Amino acid sequence: MIVREICDIIASGIQPLQNLTVLIHVGEEKKNDWAKYWINRGFRAVEKLLCSSAGKYCVGDDITLADCCLVPQVFNARRFHVDLRPFPLILRIDRELENHPAVKLAHPSNQPDCPPEATK
């Protein structure tokens, strides 16, 4: 159940608010603040859940769908220059995941269509 809850927060409460259509509607001047607000809000909820569920990964010591949702959202948080220091569990899990071979291969910056500015 906790896996689904983490996935729901990320996939329903954070990520859709950063879709291109939404950001265009919000406007160029406000899009970064908008994205930061929703990422921070969602990550506070995720961090709270991780306090009781985290092991090596989001839920215990096996990779779950929650981890699959977390990785691209952390990538997006960095894209919008979100200060991730208030989320030590998210950062620790992300560091653990970034060393996993499957995650390395699937990482957005390793995709052939990743724009050069996104790999920095």
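What number of residues within the stretch 64-81 satisfy the criterion of being within 15 Å of Arg4 (Cβ to Cβ), outside any helix (DSSP H, G or I) and touching a Lys or Arg at 6+ places or on another chain (Cβ under 9 Å)?
0
Is it true that some residue in the stretch 3-20 is more than 23 Å from Pro86 (Cβ to Cβ) and modelled with pLDDT under 95? There is at least one residue in the stretch 3-20 that is more than 23 Å from Pro86 (Cβ to Cβ) and modelled with pLDDT under 95. The residues on offer are Leu97, Leu17, Leu84, and the sole one that is of a type outside the set (S, T, N, Q) and in a loop (DSSP other than H, G, I, E, B) is Leu84. Here the condition is being touching a residue at least 60 places away in the same chain (Cβ under 8 Å) and on the phi < 0 side of the Ramachandran plot; of Asn76, Asn99, Asn40, it holds for Asn76 alone. Note on the stretch 81-107: residues that are crowded, with 16+ Cβ neighbours inside 10 Å and under 26 Å from Lys31 (Cβ atoms) amount to 6. Contact annotation: residue pairs with Cβ atoms under 7 Å, 6 or more positions apart or on different chains, pairing a residue in the stretch 19-34 that is in contact (Cβ under 8 Å) with a residue 24 or more places away in the chain with a partner that is of a type outside the set (Asp, Glu), are Asn32/Phe80.
The values are calculated or read from the model by the stated rules, or taken from the named source; none is laboratory data. Please read these numbers as outputs of a predicted model, since none were measured by experiment. We place every Cβ from the backbone using ideal geometry, glycine too, and count neighbours over all the protein chains shown.
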